[in-house]
1. What are the pairs, 6+ residues apart or on separate chains, where a residue within segment B:20-49 that is touching a residue at least 40 places away in the same chain (Cβ under 8 Å) and small (Gly, Ala, Ser) has its Cβ under 6 Å from a residue that is open to solvent by 40 Å² or more (accessible area, probe 1.4 Å) and assigned to a helix (DSSP H, G or I)?
2. Do the conditions hold for B:Phe113, that is, is it open to solvent by less than 30 Å² (accessible area, probe 1.4 Å) and either within 8 Å of another protein chain (Cβ to nearest Cβ) or in contact with a strand residue (DSSP E or B) (Cβ under 6 Å, 6 or more places away or on another chain) (or both)?
3. Could you list all residues from segment A:125-143 that are within 30 Å of B:Leu13 (Cα to Cα) and open to solvent by 40 Å² or more (accessible area, probe 1.4 Å)?
4. Can we say A:Ile103 is over 18 Å from the mean Cα position of the chain (by Cα), open to solvent by less than 40 Å² (accessible area, probe 1.4 Å) and modelled with pLDDT under 95?
5. Which one is nearest to A:Gly39 (Cα to Cα), of the residues in segment A:70-92 that are open to solvent by less than 40 Å² (accessible area, probe 1.4 Å) and touching a Phe, Trp or Tyr at 6+ places or on another chain (Cβ under 9 Å)?
6. Does B:Ile23 satisfy being at pLDDT below 95 and either open to solvent by 60 Å² or more (accessible area, probe 1.4 Å) or facing chain A (nearest Cβ under 7 Å) (or both)?
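The values are calculated or read from the model by the stated rules, or taken from the named source; none is laboratory data. Here the structure is a predicted model, which is why all the values come from computation and not from measurement. Cβ sites come from the backbone with ideal geometry, for glycine too, and all protein chains shown count toward neighbours. Protein only, heavy atoms only, side chains kept; ligands, DNA and RNA dropped before computing areas. Shrake-Rupley method; radii C 1.70, N 1.55, O 1.52, S 1.80 Å.
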Amino acid sequence: MEESQSFLELQLDKEASENLSEAARWGKLLGGMVLGAVGLLLLLIILMGRQLTSLFLTSSEMEGSEGDVLIIGLIGGGVFVGAIVGILMSFLIKGANRIRQGILRKDQILFNNGLANLKNYFAMYGILGILGLLLSMLGLLNQ
Amino acid sequence: MQDDNQGHLFTELGFDFTARQHILSIASWAMIVVVVAVIGYILNLIQILTGGKEAVPQSEGFGMVDAFAGNSTTSSVISIIIGLLINFFLYRFASMARSGINELNQDQLNKSFNNLKFYFVTMSVILMVVFVGIILFAAAFAMKAI
């Protein structure tokens, strides 16, 4: 009966539930802010594509097809990054919600599901971090 | 006896086997995030010290970008310091959570959640400061353009 509770096992006492609830609350806020920022950035790219590409191209290049290609590339890249960040933050927000609700309702299944979502968040974050590190190491080697 | 997950009406919420496994996974992945971040900071520092960042070429349309890149070393160092602070809390959460679960140490586990809270608090506050900075910069830029 490894899943049966006993006084020797770890309990979600008052301090743990307060800390976890607060962590979940701030995690949810962070997730919301990041999603909002990414959404705004995407909107900015769509609305101000021409002005943004003028930072990187000369006026003659802007008049040609390079400007359109760069705008499409920027929007496509923005959507791709937005999707990845969206999935990442959805794990965080769902996990935070479920952990808090699990603690409030004393629902072990909901609480465990929240922890599972948080695990997915950190797993995805870790994998993206490893990929980013590999890319920057490749960039360093190519210099 | 029924699965304890079903008997939550009669027991307090706790860290059953599933919850403990999830927390250990979270701690492992959090540690990976910390290690990757620290390696990234070291690589960044190496780039700065070896002068690996090339100057932005002056050409039409690059004037504004050059204004941003004017103090890239200082901003990189500040970013690294902030990143180390954030990852310090994550590291403490990961190490304390792992030892708390493995040694059945309630106090250690509680402290780990405290560090997780500080991790999210620090990230959120820094992001808010960055947002305010961007808004102020955009407003100043817009006023200058007018």
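1. Filtered contacts from segment B:20-49: B:Ala27/B:Arg98.
2. Considered against the rule, which asks whether it is open to solvent by less than 30 Å² (accessible area, probe 1.4 Å) and either within 8 Å of another protein chain (Cβ to nearest Cβ) or in contact with a strand residue (DSSP E or B) (Cβ under 6 Å, 6 or more places away or on another chain) (or both), B:Phe113 comes out as yes.
3. Matches in segment A:125-143: A:Tyr125 only.
4. yes
5. Only one residue tops the list, namely A:Met89.
6. no
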